[in-house]
Every structure is written in C-alpha cells, then in structure tokens.
Amino acid sequence: MNRGRTAPVAVGVVGAAGAVGRAVLDELLRLGVGPVRAAVRRPPGRALPAGVGLWPDPVDVTDARALAAFCAECRVVVNATGPVRAVGHRVAAAALGAGADLVDVNDTAELSEPPPYERLLRWRTAVIGAGLMPGLAGLLPGLLTEGWEDKGGTLTVRIGGLPHFPPAAARDFMDRLARPGGEVTAVWRDGRRVPGALAVEREARLPYFPGDVTAIPYLTEEAVAVARRYGLGEVRWYTVFGGEHTRAVLDRYRAGLAPGGRAVDEAADELSRATLTDLAGRAPYQAVTCELDGRALVLTGTDSSALTGTTAAHAALAVLGGELPPGQLHFAELPDPARLTRRIAQAPAVTGLRLLDGPLAELPLEEGIL
C-alpha cells in the first residue's frame, strides 16, 4: 500500500515498447490512471500511446542504476519484460528498493533463488503472476466456487487460441515444457500430481475454440495452487493451440527437450516464428474455459498479450488504490475475484464473459465459433 508515498509518476512500465507493455499502457490510460511513464531499452519503432511520458534515458533490466533511477520516480512499477528466468528478480528488487510497489506479469516464485527484497515486503506490495497465464486463468475458477459447498469436485480449464508468442513468452512456455516434474500430461488428483494420466487431444473440436485444435494437458504450479485453494479433488488443465505450425513445433519438442540452455532458446525461437506463420491472414483470438461440476465460465479475448497487459494494468490500479495489503501476492489469489473479473471484462481486450449452467460439452459446436 502506498502509505504517504508522493512520487510524481503514478505507474511506470518497464518494457513498455513490447506487445504486453503497450497493452498495459493502453488500459491504464483507458482507466484514467496518470501520470503514466514508459521505460524502454531503445527508441520504440512505433509511437507510444498519446498521454504516456517517455523516460528520457534507456532502461535495460541488466542496468541496475538505470532501473533504480526510473523506479524512484514511480509509485507503482509494472514489469512487462521477460522471460522470467532471464530477468529474474531485477525489476522487483529495483522497484521495491526505490520505495515503489510492484506488479510483475511473471511469476517470480518459479525462480530457484529467493527474492533479495523480502524484508521490504513488510511495507511494500508486490503482485506477481499478473498476466493471462499465470494470473487471470487462475483467478477465473474462483467465480465458479462462489457458494459452492461440494468440495472435492473436478475442475477442467482450457486456455489458448491462436496467439502470437513474442520471444520472451515463447521462452517461458518452452522452459516450463522442458522442466522435469511431470507437468505435461499430468493431472491433479486426490491431493497429488499423477504423471501421464491424460493424453494430448489432437484435431479436437471444443466449444469457444474455432476449428480443429490441439489441447495439451499442462499441469502448472498455478493449477496446483487452484486445486489446493478450493479443495478440489481433480484438476485437468490444458493449453490449447489452433495453428498447425505451432502444433508441429510442440510435437517435435514435447519429448526430450532438456531444461535450460541453447536447446530451449532454439525451440522458443521456432515457436515464436510458428505462431506468426499461423496468424498469416487470420485474426488472433484467446479463450479461457472453466468447468466445475455442471457450471461453466467462458472468457474470450483479442489475444494473449492484450489480456496479459490488461490484467497487469488492473493489478496496478488495485495497488495504487490501496486495495491490497503489504506483502507478496499472486494475482490469482487476490480477494473478490468476481469483482476484479467484472472490471477486467470491461476492457477492449475482452470480447466476452459468460457464466453458464450446464457442461460445455452440451453446447452446439456453432456456439463455439467466435
């Protein structure tokens, strides 16, 4: 909470020239937040939104001095850079060390090294995992559990569509895909991970995902956290891809990709290029569907970067408004998920939000066409 903080800039965005950073800026301006300031490594090739102040000096996440100078002018700092294993705790440490609060689209809790700023969390607020996945995807199941008393149910979540993965997002995805621990094809059942319990669904037809798609069972730490938070008996968590070139890359690398190093970098580059190829002549889309014991929720959006940036902007608004206590919080665990989701649903990045009685499998496939 910004108790007594009087820095001149309401929100500063690190990585503002990227797709996610621009989405953060757009949503902050729509919400009437200001002043808003952008930090970039080099002059952006495309003009930033009108109304955004550009920090005059280059800001690279590896330059501690430049980061600290930028953060010192801000009440809240949004980190829109990645991938998480390359950026690490740098932006968080600079922001909190300068006396600002933090919103990070990355889940820095994934990192093996402990955060170097824990003592500062007694006074400052840090919201991590404030993107689409992790973040919004983990928040949405909370809408289905309102008034739900039958603990031990089965939750099925599908997240994906036809995205463009920028290099940083592709690196994060392939890094998780390569990580040992049975995430891919695993299910959460009766309080533990069960590796290999689910199969990849190929050429599947799913409501709210146009055309044939591939759904990869992908049990993330966020999925496990959702299971524990709501006392669920089983969680099935899928990542969905609609492009054939993207599917081909994932099929090639899904088995035998060693964690870390050059192999993951090369796979990420291929994945990023494949998503661009799949988008040729087509509009991107994104969908999240959640089903829990006969109830369903569907959120559709324009693309993954826009939804990630929008989510981070709303986290920044909550921090700026003093709605959150000091400490480190995961976005998916923020209080009152229904209220927060209704706010986010007003954003241009969200094209629809529906709560449904009955399983999605009973919907005609035509209702799944965006």
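The values are calculated or read from the model by the stated rules, or taken from the named source; none is laboratory data. Note that the structure is a prediction, hence the values are computed from the model and not measured. Glycine also receives a Cβ, built like all others from the backbone with ideal geometry; neighbour counts cover every protein chain displayed.
Here are a few things to note about the model shown:
- Given (1) among the aliphatic types (A, V, I, L, M); (2) out of contact with any helix residue (DSSP H, G or I) (no Cβ under 6 Å at 6 or more places or on another chain); (3) surrounded by fewer than 24 Cβ atoms within 10 Å (Cβ to Cβ); (4) not assigned by TED's automatic domain parsing to the domain that holds ARG228, number of the condition ALA280 does not satisfy: (4)
- VAL33 meets the conditions (1) assigned to a loop (DSSP other than H, G, I, E, B); (2) surrounded by fewer than 18 Cβ atoms within 10 Å (Cβ to Cβ) in every case but one. The failed one is (2).
- Any hit, the stretch 284-306, residues being among the hydroxyl-bearing types (Ser, Thr, Tyr), surrounded by 24 or more Cβ atoms within 10 Å (Cβ to Cβ) and under 30 Å from VAL76 (Cα atoms): yes
- Residue in the stretch 14-30 that is surrounded by the fewest Cβ atoms within 10 Å (Cβ to Cβ), counting only those that are closer than 16 Å to VAL76 by Cα and hydrophobic (A, V, I, L, M, F, W, C): LEU29
- Enumeration of residues in the stretch 248-275 that are touching a Ser or Thr at 6+ places or on another chain (Cβ under 8 Å) and at pLDDT 85 or above: LEU271, ALA274, THR275
- Among the residues of the stretch 123-137, those identified as under 9 Å from the mean Cα position of the chain (by Cα) and among the small types (Gly, Ala, Ser) are GLY129, ALA130, GLY131, GLY135, ALA137.
- Any strands (runs of 3 or more DSSP E) falling wholly within the stretch 154-219 and containing at least 2 residues that are surrounded by 17 or more Cβ atoms within 10 Å (Cβ to Cβ) and at pLDDT 85 or above: 154-162, 187-189, 209-217
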